1. So which residues in the stretch B:84-134 are over 16 Å from the mean Cα position of the chain (by Cα) and basic (Lys, Arg)?
2. Condition first: of a type in the set (D, E, K, R), more than 20 Å from residue B:270 (Cβ to Cβ), in the same structural domain as residue B:208 (by TED's automatic domain parsing) and out of contact with any strand residue (DSSP E or B) (no Cβ under 6 Å at 6 or more places or on another chain). Can you find one or more residues in the stretch B:128-138 that meet it?
3. For the stretch B:250-267, does any single residue satisfy the condition of being surrounded by fewer than 22 Cβ atoms within 10 Å (Cβ to Cβ), of a type in the set (D, E, K, R) and free of Cβ contacts under 8 Å to residues at least 12 places away in the same chain?
4. Only one of (1) crowded, with 22+ Cβ neighbours inside 10 Å; (2) at pLDDT below 95 is not met by residue A:17, so which one is it?
5. Would you mind finding the one in A:202, A:171 that is more than 19 Å from residue A:273 (Cα to Cα) and surrounded by 20 or more Cβ atoms within 10 Å (Cβ to Cβ)?
6. Given the conditions (1) touching a helix residue (DSSP H, G or I) at 6+ places or on another chain (Cβ under 8 Å); (2) modelled with pLDDT of 95 or more; (3) away from every other protein chain (no Cβ under 14 Å), report the number of the one that residue B:288 does not fulfil.
7. Given (1) under 23 Å from residue A:342 (Cβ atoms); (2) surrounded by 16 or more Cβ atoms within 10 Å (Cβ to Cβ); (3) more than 25 Å from the chain's Cα centre (by Cα); (4) not charged (D, E, K, R), where does residue B:290 come up short, assuming only one miss?
8. Regarding residue B:54, is this residue under 14 Å from residue B:235 (Cβ atoms) and in contact (Cβ under 8 Å) with a residue 40 or more places away in the chain?
2 protein chains.
Amino acid sequence: MRHAIVLAGGGGTRLWPASRRAHPKQLLPLGAREGETLLSATTHRLIPLVGLERLWIVTAAEQTPAVWETVPEVPGENLIAEPVPRNTAAAIGLAAVFVRARDPDAVVAAIPADQHVGEEGGFQQAAEQAFAAAERTGNIVTIGLLPTRAETGFGYLELGDELEPGLHRVARFVEKPDAETARRYLEGKRHLWNGGMFFFHAGRFLEEVARHLPETGQALAAIAKALADGGPHVAEQVSSEKYPHVPAISVDFGVMEKASAILTVKGTFGWNDVGSWTSLADYRPADAEGNVTQGLVVTHQARGNVAVCEPDKLVALLGVHDLVVVQAGNAVLVLPRSRAQDVREIVRLLEAKKLGEYL
Amino acid sequence: MRHAIVLAGGGGTRLWPASRRAHPKQLLPLGAREGETLLSATTHRLIPLVGLERLWIVTAAEQTPAVWETVPEVPGENLIAEPVPRNTAAAIGLAAVFVRARDPDAVVAAIPADQHVGEEGGFQQAAEQAFAAAERTGNIVTIGLLPTRAETGFGYLELGDELEPGLHRVARFVEKPDAETARRYLEGKRHLWNGGMFFFHAGRFLEEVARHLPETGQALAAIAKALADGGPHVAEQVSSEKYPHVPAISVDFGVMEKASAILTVKGTFGWNDVGSWTSLADYRPADAEGNVTQGLVVTHQARGNVAVCEPDKLVALLGVHDLVVVQAGNAVLVLPRSRAQDVREIVRLLEAKKLGEYL
């Protein structure tokens, strides 16, 4: 049967001050619909493909209550808690152990919780093709996104042979390019953005983990044995003992770049990793002056700004242009739109100044 | 005896969003010392001149509790409440009625609550000279400020004959000048800023009000009679009936520009009307990058900004310059420093949009 694992363990700070340690990006109301969280949008995108009973969410233990509050329709036993965050290779592996225990022949889509999809139908179609290819070939299949701009912030997939319309071998994974290389990728149409969405037989994935990340493989095997022999509570105890010692490494770097025979489906459905505040301007409509806003924002002779505030709060902009202004919780952030990627510098500064209560 | 009336009835919006209808500028912690309100600074500047027992505050009825909380040392019977705001001519008149009832020969300093003074000693000296001149001559005496820049935002006094060092007749009051005229005033040294500080015999002031603002004069006479015959509670009842009908007019326009033989003491003590957010930069020290801040403000590659937030809040500025950023209550304001005077445009916009809960 088909299953989906939503990867909801991220604790990113690029959307600070709205995203916090205890309230990460996937829990922010940044879906296409006003008020909808990215996690909720992602979950509802996957339910039609696999059914609610086979929709799993893996998240950090301390985020489990907030996650369940956001998507209460997901069965409680399908929420899998990482005792500590150990990045995506381990998180997908942990979830795959639980999925396979329930369904030994499970074919799984592992999908980040914090991305935006423009055309739901296009996503469904690409996911259907990726599921089918994973089932038929036994290989790991990813969805790559046809670039729409010379983006230097993403990793890319280089396309190999076309196996069927829209389905290619991955020739290789390539790191974030410089601007000139990104421009060539955009024009050449032989490279796709790596969107971090993977489809695979649970068993095959765990084999790849065991091969390329043996420590992780051993920990996961111990958890799988505890689950089979002792049930979920024993598995949880073993997990809390073993999991903290596995390397924190991304699935892309730790598994996918090393695995053989990866396939990719070409996606063209309007995709955004919501990697910075300016991402909002990529998929939310702007007003006549080019301001993209969320919450109550009043502008006067202001243009090209991205402004966000919480319910019951107000942001007023007068005569400013091309700024990002965010009010969230106990903090306000102001920076030029062109420097939206540099929010991490503020985060580092707050860490250095021991102002953790604002992170 | 010498008395002082602190004029604390203002409801200005130029420091929105920190100043609100219910929380005006004089109650903001914008004194020279961190955390000190302008009202508190003004009150403590006057106590050495007149003594606590002769320090009066006139304020809007609904602001009385907040005012008393800010300066609890002021005797309760010295707080005079305007039933409704009717600008400074009526407010000073109302206070003068109460002062004269207690002390028929009172000489009064009427001082706005919402100004900043740089050198307290210089202010004391000028006020001493103004009190003495008012006592000796029986005329109304003002303190004018020697301009330090070609300011177009203030009214001016044109100097007449010098009566003693630092004491002149006022030849005339002049309206806010254009930039060229302001430049001439600055160079000519024959014009002073009108700072709205007046020293006078209470009886003389009430005569001038009766002459130039007869409706106000009649209302004040009725309140004075009620106070003499029936005491404070009866006076309050008469005030709540009569006061709302007096014209709302400033003391400058309604009385001073029409009164004869006004004198002025030349003040050089570092004076600021705190008329906009950039005023803060005139008397608060800037950091090495020229940022003037109040509250917890973290900057990175940001210069020349004025940033203000409340206790327990944080403002983070990255890569922006010459902005005003204010967090206060349920609102955040961002605008260029060069447009600090235009906050009223945002206030008008909020009124037009029926967003009064943010004003």
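The values are calculated or read from the model by the stated rules, or taken from the named source; none is laboratory data. None of the values given here were measured: they were computed from a predicted structure. Here Cβ is always computed from backbone atoms with ideal geometry, including for glycine, and neighbour counts include all displayed protein chains.
1. B:100, B:102
2. yes
3. Within the stretch B:250-267, not a single residue is surrounded by fewer than 22 Cβ atoms within 10 Å (Cβ to Cβ), of a type in the set (D, E, K, R) and free of Cβ contacts under 8 Å to residues at least 12 places away in the same chain.
4. All conditions are met except number (2).
5. Only one candidate passes the filter, namely A:202.
6. (1)
7. Among (1) under 23 Å from residue A:342 (Cβ atoms); (2) surrounded by 16 or more Cβ atoms within 10 Å (Cβ to Cβ); (3) more than 25 Å from the chain's Cα centre (by Cα); (4) not charged (D, E, K, R), residue B:290 violates only (2).
8. Here the answer is no, as residue B:54 does not meet what is asked.
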